[in-house]
Every structure is written in structure tokens, then in C-alpha cells.
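Asker: My structure is below; once you've seen it, I'll send some questions.
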Amino acid sequence: MNGFSLWRYEMRATVRRPAPLFLSFFIPLAIIVIAVLSIQSFFQDEEKQIQAAIVDHDQTFETKSLVNQLSEEKRMKRALQLAPMTSKEALEAFERGDIAGIMTIPKGFTKSLRVGENEPITVMTNQEKPLDSTMLTVLLESGAKYISASQSAVNAVYDLHIKQLPGNERNQKLQEAIVTFTLFALDRNEAFEEDKVISGASVGWKTHAIIAIVLTFIVFFIILYQALDGGAHSTSMSRRWRMVNLTFMHQVMVKQLKWWLILFVMLEVGVGIIVFMDLPVYYSAGLHLGLFLVALWLSAFAACLYGLNIQSSVRSLILASISIIGLISAGAFVPEIYLPDWLYQKATPFAFSYDVFRMAFVEQSESMPYRGLVLWGIAFSSLALFAGYRKEKRDAYVSVFTSK
């Protein structure tokens with residue numbers, strides 16, 4: 001009954017003094033929102049087109065089609081602005097540093113293409129712009145591969161069909177084949193299938209970012225809340241509790257139970273917000289059990305540090321340091337595929353927590369983190385109780401086991 005009285009006292013204090021709860025919720029939320037907006041703004045600012053010039057010495061229908069497709073193709077257009085220029089204009093812009101490179105189509109390019117020969121398109125890049133020059137080279141090499149594919153298709157059609165036709169009809173069909181396959185190759189029309197493959201993060205970059213945000217918010221929520229809510233009772237208050245056989249060990253137990261409940265509610269709210277964002281979430285009993293166990297080990301971890309009876313600032317610093325390292329090693333910030341083997345750890349409670357959230361987006365999850373979360377939760381809870389018991393023993397107070 002006395003333990004229930006302490007629990008009722010703590011919950012009443014939470015309701016009457018809601019400032020710690022609200023501050024612990026809104027401060028991490030505001031910091032995360034500002035960080036996300038800053039990162040988004042940074043990438044938007046960095047998302048600029050590469051400026052390059054194209055000089056066409058051949059000036060045929062095929063080369064004009066090539067220039068038009070390279071300039072207007074929607075994928076290339078997002079990264080590259082290719083401006084037709086004369087040789088003089090291109091060189092002047094190149095010397096001023098206005099462009100990252102010059103792409104030159106030589107005289108006789110179309111004629112060599114029609115007879116199945118490869119007349120190279122020369123590319124000159126500006127070494128004073130290494131990033132833009134490298135990107136330009138990669139983009140044009142990609143385009144060159146598609147052009148080579150189209151030329152191979154033209155050669156195959158010519159050998160199998162067009163070569164057998166009469167002279168006038170052969171030239172017309174050959175030109176049609178060149179234009180058709182070149183346009184298909186450059187704008188990736190129905191002649192090519194596109195598959196979107198999720199890479200880097202096993203659940204996709206967007207989902208991974210959401211999981212990272214929610215996990216970071218929950219961790220920093222408990223860091224801030226245990227600091228604001230976990231202040232030590234005054235000596236007079238502690239003596240009053242001891243008069244009714246309530247020791248520091250009881251305080252540790254009640255703190256953990258309260259933090260466990262509040263964390264679980266916050267986790268459920270986080271999943272609810274994800275659902276509100278119209279993202280596909282697989283609701284299941286396993287997901288709620290996982291959230292329940294994540295709240296268990298996090299609250300037990302905070303209670304363990306609380307049971308050591310150290311200053312709240314030092315306690316928060318220790319909790320924050322371990323949490324940041326744990327989140328990094330769990331692949332919560334950077335996907336595990338990019339982490340070195342010595343850094344990525346699968347058996348940490350942070351990794352198990354990440355797996356719980358991954359279960360929300362994957363219908364059938366191979367990893368079942370329940371056992372690991374239970375073990376970590378029991379371990380931290382035991383350490384918290386042991387730390388509280390040791391403090392009472394040092395204070396020479398009657399053992400908790402003799403309490404009525």
C-alpha cells in the first residue's frame with residue numbers, strides 16, 4: 001500500500017507540474033524540426049545544374065536531334081544545362097569559368113554513324129571545377145553508353161533488314177532507324193524498362209529518415225525528462241518517506257514505472273503521427289509489444305543512472321553520450337551498409353529498437369528483437385534496484401526487505 005501511495009504522489013506531481021513533460025516533448029521536437037529544415041535547405045541550395053556547352057560542327061538532322069535530346073531529356077535536365085554555342089563562344093565561357101566543360105561533335109559524325117563507325121565526341125572539362133567536371137563526365141559517359149546501345153541496334157537492323165532493300169529505300173530506312181533508336185536511347189522511352197531499387201537503407205531512405213527522427217526524439221525526450229523529473233528529494237522528504245518504510249529503492253522503482261508508462265505513450269503517439277502522415281504502417285500486436293519493450297529498456301536505463309544517485313546534469317551527459325554512440329552503431333543515422341564492421345553492433349538495445357520500428361514498415365520481418373529487449377530491460381532494471389539498495393545500505397537504514 002505504501003508503494004502505491006508513492007506512485008500516486010508521483011503521478012499527481014506529474015499532473016500538477018506538467019512543465020517537465022511539456023518541455024521534454026517540445027524542446028527535442030523543436031530541435032529536430034529545425035535540424036531537418038536546415039538539412040533540407042542545405043541540400044536544396046546545393047542542388048544546382050552543371051553548366052556546359054555543346055559545339056556542333058556537323059550540323060545535321062541527327063546531331064541536332066542529339067543536342068535537343070541531351071538538352072531537354074528530363075533526367076539530364078535536372079543535373080545538366082547544356083547550351084549550344086560556337087567554338088569561340090564556348091572557349092570564352094570556358095576561360096571565364098562560366099561552364100564546367102565543352103562537348104564537341106566533330107565534322108562528319110553523322111556520316112560515320114551511318115556507316116557503322118564510331119567517331120568520338122570530345123569532351124573538355126574545367127579542372128578548376130573538379131566536382132562539376134566529374135559529374136559532367138559521369139553524365140556524358142552514361143549518355144555515351146546509351147548512344148552506343150542505339151548504334152548497335154542500328155547496325156543490327158541494317159545487317160538483318162535494311163541492307164537487303166533497294167538503294168533509295170535503304171537510305172530512308174537507315175535514317176529512320178538511326179533517329180528512332182537514338183531517341184529511344186536518349187530519353188529511355190518504352191524500349192527500356194526502369195526498375196526502382198531501394199539501396200543504402202534496407203527500408204528506403206525516406207522510411208529510414210522517419211525511423212531515425214522518431215528514435216532520436218524518444219531518446220532525447222527521456223534524457224531531458226529524467227533530468228527535469230529525476231531530482232533528488234530533500235532530506236526532510238526522504239525522512240518522511242522512511243517513516244512509512246519507503247526507501248530510495250522504492251523511489252527508483254516508482255520512477256522507472258512512471259517513465260516506462262510515459263515513454264510507451266510517447267512511442268505510440270510517434271507511430272500515430274507516422275500513420276497520420278499517410279505512410280504505410282503494419283499495425284500488429286508484435287509492433288505494440290516491441291514499443292512496450294523499447295520503453296522498458298529505456299526507462300530502466302534512465303532509472304539505473306538515477307539509482308546511482310549522481311547529479312542530474314552528469315546523469316544526462318552520460319545518457320546522451322551513450323545514446324548518441326548507440327544510435328550511430330545501430331545504423332539509426334547512417335545505414336549499417338555504410339558503417340565499418342567494428343562500428344556496427346547488432347546486439348545493442350539501440351539496434352533492437354531500430355528493428356522494432358523497421359517492423360512497422362516491413363510486413364514480414366526476419367529479425368525478432370523481443371528477446372534482446374527483454375534481456376536488456378531486465379538487466380538495467382536489476383542494476384537500478386541494486387543501486388538503490390546499495391544507497392540505503394550505505395545510509396545504514398533498515399533493509400527494504402524488512403519493510404511492512
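The values are calculated or read from the model by the stated rules, or taken from the named source; none is laboratory data. In this text, all values refer to a predicted model and were calculated from it rather than measured experimentally. Cβ sites come from the backbone with ideal geometry, for glycine too, and all protein chains shown count toward neighbours.
Asker: Can you name the residue in the stretch 296-332 that is assigned to a helix (DSSP H, G or I) and of a type in the set (Val, Ile, Thr) and is also farthest from Gln256 (Cα to Cα) among such residues?
Answerer: Ranking the qualifying residues of the stretch 296-332, first place goes to Ile328.
A quick yes/no check of all residues on (1) modelled with pLDDT of 70 or more; (2) in contact with a helix residue (DSSP H, G or I) (Cβ under 6 Å, 6 or more places away or on another chain); (3) among the small types (Gly, Ala, Ser):
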{"position": "Ala30", "(1), (2), (3)": "yes, no, yes"}
{"position": "Val36", "(1), (2), (3)": "yes, no, no"}
{"position": "Ile39", "(1), (2), (3)": "yes, no, no"}
{"position": "Ala52", "(1), (2), (3)": "yes, yes, yes"}
{"position": "His57", "(1), (2), (3)": "yes, no, no"}
{"position": "Leu66", "(1), (2), (3)": "no, no, no"}
{"position": "Gly97", "(1), (2), (3)": "yes, no, yes"}
{"position": "Gly101", "(1), (2), (3)": "yes, yes, yes"}
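Asker: Tell me yes or no: at least one residue of the stretch 273-287 is in the same structural domain as Phe25 (by TED's automatic domain parsing), crowded, with 19+ Cβ neighbours inside 10 Å and polar (S, T, N, Q).
Answerer: Scanning the stretch 273-287, I find no residue that is in the same structural domain as Phe25 (by TED's automatic domain parsing), crowded, with 19+ Cβ neighbours inside 10 Å and polar (S, T, N, Q), so the answer is no.
Asker: Output the qualifying pairs, or none if there are none: Cβ atoms under 7 angstrom, residues six or more apart or on different chains, first residue in the stretch 11-22 and closer than 14 Å to Gln226 by Cβ, second residue assigned to a helix (DSSP H, G or I) and among the acidic types (Asp, Glu).
Answerer: Correct list of pairs: Pro20/Asp229.
Asker: Please state which of the following conditions Gln251 fails to meet, knowing it meets all the rest: (1) part of a helix (DSSP H, G or I); (2) modelled with pLDDT under 80.
Answerer: The one condition Gln251 does not meet is (2).
Asker: Shifting gears a bit: Checking the conditions here, which among Met76, Met85 is modelled with pLDDT of 85 or more and not assigned by TED's automatic domain parsing to the domain that holds Met253? Outline the logic, then answer.
Answerer: On the way: Met76 fails: modelled with pLDDT of 85 or more.
From the options Met76, Met85, the qualifying one is Met85.
Asker: Any residue in the stretch 335-351 that is outside the structural domain of Val214 (by TED's automatic domain parsing) sitting within a Cβ distance under 8 Å of a residue that is at pLDDT 85 or above and assigned to a helix (DSSP H, G or I)? List the pairs, counting only those 6 or more apart or interchain.
Answerer: none
Asker: Could you tell me whether Leu293 is in contact with a Gly (Cβ under 7 Å, 6 or more places away or on another chain), in a helix (DSSP H, G or I), under 21 Å from Val252 (Cβ atoms) and among the aliphatic types (A, V, I, L, M)? Outline the logic, then answer.
Answerer: Details: in contact with a Gly (Cβ under 7 Å, 6 or more places away or on another chain): yes; in a helix (DSSP H, G or I): yes; under 21 Å from Val252 (Cβ atoms): yes; among the aliphatic types (A, V, I, L, M): yes.
Yes, satisfied.
Asker: While we're looking at this one, here's another question. Are any of the residues in the stretch 214-231 among the small types (Gly, Ala, Ser), surrounded by fewer than 21 Cβ atoms within 10 Å (Cβ to Cβ) and modelled with pLDDT under 70?
Answerer: Yes, the stretch 214-231 contains a residue that is among the small types (Gly, Ala, Ser), surrounded by fewer than 21 Cβ atoms within 10 Å (Cβ to Cβ) and modelled with pLDDT under 70.
Asker: Only residues that are small (Gly, Ala, Ser), modelled with pLDDT of 90 or more and buried (at least 23 other Cβ atoms within 10 Å of the Cβ): list them for the stretch 292-335, please.
Answerer: Matches in the stretch 292-335: Ala295, Ser299, Ala300, Ala302, Ala303.
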